[in-house]
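The values are calculated or read from the model by the stated rules, or taken from the named source; none is laboratory data. For clarity, every value in this text was computed on a predicted model and none was experimentally measured. As a convention, Cβ positions derive from the backbone with ideal geometry for all residues, glycine included, and neighbour counts pool all protein chains shown.
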Amino acid sequence: MDFFKRLFYKSSRVDIAAGKAVSGPRLSLVGSDTPARTRIWAVGGGKGGVGKSLVAANLGIGLSRLGKKVLMVDVDLGAANLHTLLNMDGGKVSLSNFFKSGSTDIIPFVSKTDFVNLDLVSGAKDSLDVADNCGEGLLRLKEALHKVPYDYVLLDIGPGTASNILDLFLMADEGILLTTSEPTSIENSYRFLKCLFLRRIRNIANSQEDTKIKELLHRVFAGQWSSRIKTVADILNRLREIDPGRGELLKEILGNTSVSIVVNQTRTQADREVGPAMKMACRNYFGIDIGFLGDIAYEDVVHESIRSKTPLALSGGQSEAARAIETCMQRLTNNELRQKRRMA
Ligand SMILES: Nc1ncnc2c1ncn2[C@@H]1O[C@H](COP(=O)(O)OP(=O)(O)OP(=O)(O)O)[C@@H](O)[C@H]1O
Ligand SMILES: [Mg+2]
C-alpha cells in the first residue's frame, strides 16, 4: 500500500476546523473586539528546533499584554519546555494528569504564570510515555479547550508528522507553521503540509454523514488510477473528474484549513525570499492557498533571552525578532477581524 493509501485508510476519527488565513496589511489592534468565542492558535511544523516554542511563548505574552486572556498549552508531548521559556518551575500538575483524568475540564490542570492574563497547562511533569498514551485524551482535550473561559488558547506542538501532531494542528482556528530557510527545514515543512492535507482529507471523509464523498475518495484510491496519485492536487483533480461538485467542495474545505508560514532565523535577502516562494509552491503543488505571516530575523538577543529566561516580548521593542513576532500576531488577529466581518 502506498503512502497516500496508508494515510487515508489509517483508522481514526475526524474533524473539520474552519477559518482561513490570509496575510494582509497591518492594522492596529486598538479598538478591536475580544473574540466572541475562544480562538485556538497552534504553532507547529515538521522540523525540530526552528523556533516553535519561542514564537508560541511570545505570541501568548503579546496577546496577554493586549488585555486578552490567554491559555498556553504545552502539547510538545514528551519534550515540553514552554514553562522554561515562561520562567516557571513547571507547575504542580501537567497535561499528563488531564489525559489520565478522563475529564473534559482542563481548568484543574492550569497553572498561573507571572504574566497577567497568561496561564499555562504545562508539560513539565508529563509522564515519560505521554506521547504514546494520550489516545482518546486528544479528543477530550479538544472538547475541553472549546469551553475554557479564555479569549485565546495557544498550542505549542512538537515537530514531525505523527497523526497526533497533525490532529493537534488541525484543532486550531489558525495554524502557524514555523520553518527556517534551510533546505532541511523547507523539506520537512512541505512534508508536514502534505501529511496535514492528507490527514484532513481522511478526516473529512470519515466525518461525512452523507457517505458520498467518502465513497468517492475510496474510488479515487482504488484501482489503476491510484498509482498515478502523487500529490494532493492529483486527488482533487481525480475527484473533480468523477464528481465536479464534490471535487470543488473538497477543494474549498481544504482551502479553509487555516495555515500560515513563518520563516524564522532569516539572515539574508535570499532567506527572506523563502516565505513567498513557499506560498507560491503550495499553490502550484497542492492547489491550495496558504498564508505567509512574515520573517523573523536571526538575532543573538534571542539566544540571550532564552538563556536568561526573559521573554523577548519584554525587550521593549529593542529586538527586531520581537517586533517581527508582534507583526505576525497583528496579522493573525487581522485575519480574525476579517473573518468576523465576513460572517456578520
Ligand atoms: N530568531 C532567532 N534568532 C536566534 N536564535 C533563534 C531564533 N529563533 C530560535 N532560535 C534558537 O533556536 C532555539 C530553538 O528554539 P525553540 O525551542 O523555540 O524551537 P522549537 O522549534 O520549539 O524546538 P523543538 O522542536 O525542540 O520543540 C532557541 O533556543 C534559540 O536558541
Ligand atoms: Mg518547542
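Considering D126, D114, D119, which residue is without any contact (Cβ under 8 Å) to a residue 60 or more places away in the chain, within 16 Å of ligand 1 (Cβ to nearest atom) and under 24 Å from T84 (Cα atoms)?
D126
Which condition does R191 not pass, out of (1) basic (K, R); (2) under 17 Å from G158 (Cα atoms); (3) over 18 Å from the mean Cα position of the chain (by Cα), if it passes all the others?
(3)
If the requirement is being within 16 Å of ligand 2 (Cβ to nearest atom) and in a helix (DSSP H, G or I), which of these qualifies: A124, A131?
On the way: A124 fails: in a helix (DSSP H, G or I).
From the options A124, A131, the qualifying one is A131.
Please go through the stretch 86-125 and give me each residue that is more than 19 Å from K147 (Cα to Cα), under 21 Å from the mean Cα position of the chain (by Cα) and of a type in the set (D, E), ordered by number.
none
Out of all the residues in the stretch 237-247, is one or more buried (at least 22 other Cβ atoms within 10 Å of the Cβ), on the phi < 0 side of the Ramachandran plot and either at pLDDT 90 or above or of a type in the set (K, R) (or both)?
Looking for residues that are buried (at least 22 other Cβ atoms within 10 Å of the Cβ), on the phi < 0 side of the Ramachandran plot and either at pLDDT 90 or above or of a type in the set (K, R) (or both), one finds none in the stretch 237-247, hence no.
Identify, please: which residue in the stretch 288-306 is near ligand 1 (Cβ under 8 Å from one of its atoms) and free of Cβ contacts under 8 Å to residues at least 12 places away in the same chain and is, among those, nearest to the chain's Cα centre (by Cα)?
H303
Filter the stretch 249-281 down to residues that are under 23 Å from E336 (Cβ atoms) and free of Cβ contacts under 8 Å to residues at least 24 places away in the same chain and give me whichever is surrounded by the fewest Cβ atoms within 10 Å (Cβ to Cβ).
It comes out as E252.
Just checking, which of T161, T179, T211 is within 15 Å of ligand 1 (Cβ to nearest atom) and either surrounded by fewer than 21 Cβ atoms within 10 Å (Cβ to Cβ) or closer than 28 Å to G247 by Cα (or both)?
T161
Output the residues belonging to the stretch 31-73 that are surrounded by 24 or more Cβ atoms within 10 Å (Cβ to Cβ), in a loop (DSSP other than H, G, I, E, B) and more than 13 Å from ligand 1 (Cβ to nearest atom).
none
Mind checking which residues of the stretch 304-344 are of a type in the set (A, V, I, L, M, F, W, C), surrounded by fewer than 20 Cβ atoms within 10 Å (Cβ to Cβ) and assigned to a helix (DSSP H, G or I)?
First pass over the stretch 304-344, keeping only residues of a type in the set (A, V, I, L, M, F, W, C): 306, 312-314, 321-322, 324-325, 328-329, 332, 337, 343-344.
Imposing the further condition that a residue be surrounded by fewer than 20 Cβ atoms within 10 Å (Cβ to Cβ) reduces the set to 306, 314, 337, 343-344.
Of everything in the stretch 304-344, those that are of a type in the set (A, V, I, L, M, F, W, C), surrounded by fewer than 20 Cβ atoms within 10 Å (Cβ to Cβ) and assigned to a helix (DSSP H, G or I) turn out to be I306, L314, L337, M343.
Determine whether the stretch 74-85 contains at least one residue that is under 25 Å from D151 (Cβ atoms), within 14 Å of ligand 2 (Cβ to nearest atom) and either free of Cβ contacts under 8 Å to residues at least 24 places away in the same chain or surrounded by fewer than 19 Cβ atoms within 10 Å (Cβ to Cβ) (or both).
Within the stretch 74-85, one or more residues are under 25 Å from D151 (Cβ atoms), within 14 Å of ligand 2 (Cβ to nearest atom) and either free of Cβ contacts under 8 Å to residues at least 24 places away in the same chain or surrounded by fewer than 19 Cβ atoms within 10 Å (Cβ to Cβ) (or both).
Could you please find all residues in the stretch 74-92 being outside any loop (DSSP other than H, G, I, E, B) and under 13 Å from V43 (Cβ atoms)?
Across the stretch 74-92, the qualifying residues are D74, V75, L82, L85.
Could you tell me which residue of the stretch 307-335 is nearest to the chain's Cα centre (by Cα), considering only residues that are within 10 Å of ligand 1 (Cβ to nearest atom) and not hydroxyl-bearing (S, T, Y)?
Looking at the filtered set, the residue picked out is I325.
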